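The values are calculated or read from the model by the stated rules, or taken from the named source; none is laboratory data. Computed from a predicted structure; not experimentally measured. All Cβ positions, glycine included, derive from the backbone under ideal geometry; neighbour counts span all protein chains shown. Accessible surface is based on the protein model in full, side chains and every heavy atom, while ligands, DNA and RNA are left aside. Shrake-Rupley method; radii C 1.70, N 1.55, O 1.52, S 1.80 Å.
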Amino acid sequence: MTETQPGFSTLSIHAGAQPDPTTGARTTPIYQTTSFVFNDADHAASLFGLQAFGNIYTRITNPTTAVLEERVAALEGGTAALAVASGHAAQLVTFHALLQPGDEFIAARRLYGGTINQFSHSFKAFGWNVVWADTDDVASFERALSPKTKAIFIESIANPGGTVTDIEAIAAIARKAGVPLIVDNTLASPYLIKPIDHGADIVLHSLTKFLGGHGNSIGGIIVDAGTFDWSRDDRYPVLSQPRPEYHGLKLHETFGNFAFAIAARVIGLRDLGPALSPFNAFLILTGIETLSLRVQRHSDNAKAVAEWLSANPAVAWVSYAGLPGDRYHNLARKYSPKGAGAVFTFGLKGGYDAGVNLVSNVKLFSHLANVGDTRSLIIHPASTTHSQLNDEQKALAGAGVDVVRLSVGIEDKEDLIADLDQALKA
Ligand SMILES: *Cc1c(COP(=O)(O)O)cnc(C)c1O
């Protein structure tokens, strides 16, 4: 390799990995073990006291998972990362390091539905209070600030409409308020958008989606940008205060620009426990090797399908930031110039019945609740994920009775268009 920084596709295959030192295995082995033998008693004591880095127990570190962590940190341009059992676990472990009972955080209203549930209900039980803001009105984030605010949370490309968020404008508000900006980069992947370049302090992923990419494993990851001063005014005691279980060690003082990733691991993951299986880490690592090829194809196919739908007489509207004239097209050109991703929504003139009819008649598209698979996926939110809401609530959530959401896969685009065509005519 040359002295220059390797490119994205090279890092996707090589970052964090080397031939196995004992066997020479070229692919990262699956270290399917719960625990690791200590060299001697002093070594054991130094590992437990955080004086030395090394493996103790797979709930906290594992060599297969460590390669995944190093690779995603390299792709996102962060200092370190922590892989966990799911995207939701990544959110839980992140906020656990930042919030005390009674604290607040500001979150974009436009988020993955499961995240809205997690923030609205389960987080309340921890005494963590979400305050909602609107990405279409960036000043609403500033208005939502209070002395109790400890973080701001957004998605780079947001579910379900594939809308693009003005990350830099919201990062400026976070910086001024002295709180970290957390960006869920799941729908973009670092191939399309690198939020750290635009001011994010922490980047999260559901690895379940484009990074794993094949619809076979649940996982999540937390990337530390290394940019935030956790000690400035003692607002983040987990990072700035002495830890009794580590002989009074202060995590930020000791670990500097990767202290957040360490805190999430040695406090959150250690105590809450949502560890990733080494087998899933292996499958996700394999997926990441082809990330740049897949996401480019996903985006190109999505654009072709969106263009075709825009010209179809059964379709009332298409919301895809990759289309010129779309409300989010300028933001897409700025933040995501290689393409606007695979996920978008469109509306059917025939309303609820037409939506049910379409999902019932597709043959190649799979009717299910996921995104970011190699396979093309379709869902009619009003009759599934949002069926418990009344019509007005559905519309507010972007899940009106006429709305269909696609996650366009990497099959041949002609076959995808032919499938939608026959299903719309059926
Ligand atoms: C799927 C998803 C999540 C949750 O991830 P899981 O791996 O399902 O826990 C969070 N954010 C976004 C944008 C998602 O698409």
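State yes or no: is TYR328 open to solvent by 20 Å² or more (accessible area, probe 1.4 Å), under 26 Å from the mean Cα position of the chain (by Cα) and either of a type in the set (A, V, I, L, M) or assigned by TED's automatic domain parsing to the domain that holds ILE379 (or both)?
Taking the combined requirement at face value, the residue satisfies it.
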- Find the residue count for segment 110-129, including only residues that are within 16 Å of the ligand (Cβ to nearest atom) and crowded, with 17+ Cβ neighbours inside 10 Å. 8
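For every residue, the table says whether it meets (1) within 13 Å of THR94 (Cβ to Cβ); (2) within 12 Å of the ligand (Cβ to nearest atom); (3) open to solvent by 20 Å² or more (accessible area, probe 1.4 Å).
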position	(1), (2), (3)
ALA151	yes, no, no
ILE157	no, yes, no
THR165	no, yes, no
LYS194	no, no, yes
GLY226	no, no, yes
- Message: Six or more apart or on different chains, Cβ atoms under 8 Å: show the pairs whose first residue is in segment 176-195 and at negative phi and whose second is assigned to a strand (DSSP E or B) and among the polar types (S, T, N, Q).
- Response: ALA177/THR149; VAL179/THR149; ASP184/SER206; THR186/SER206
- Query: When the residues of segment 360-398 are filtered to those that are at pLDDT 95 or above and more than 23 Å from the chain's Cα centre (by Cα), which remaining residue is most open to solvent (accessible area, probe 1.4 Å)?
  - Reply: LYS363
- Query: Looking at ALA302, ALA281, which is the one that is over 16 Å from LEU416 (Cβ atoms), crowded, with 23+ Cβ neighbours inside 10 Å and modelled with pLDDT of 95 or more?
  - Reply: ALA281
- Test VAL164 against the criterion of being in contact with a helix residue (DSSP H, G or I) (Cβ under 8 Å, 6 or more places away or on another chain) and assigned by TED's automatic domain parsing to the domain that holds ARG143, and give yes or no. yes
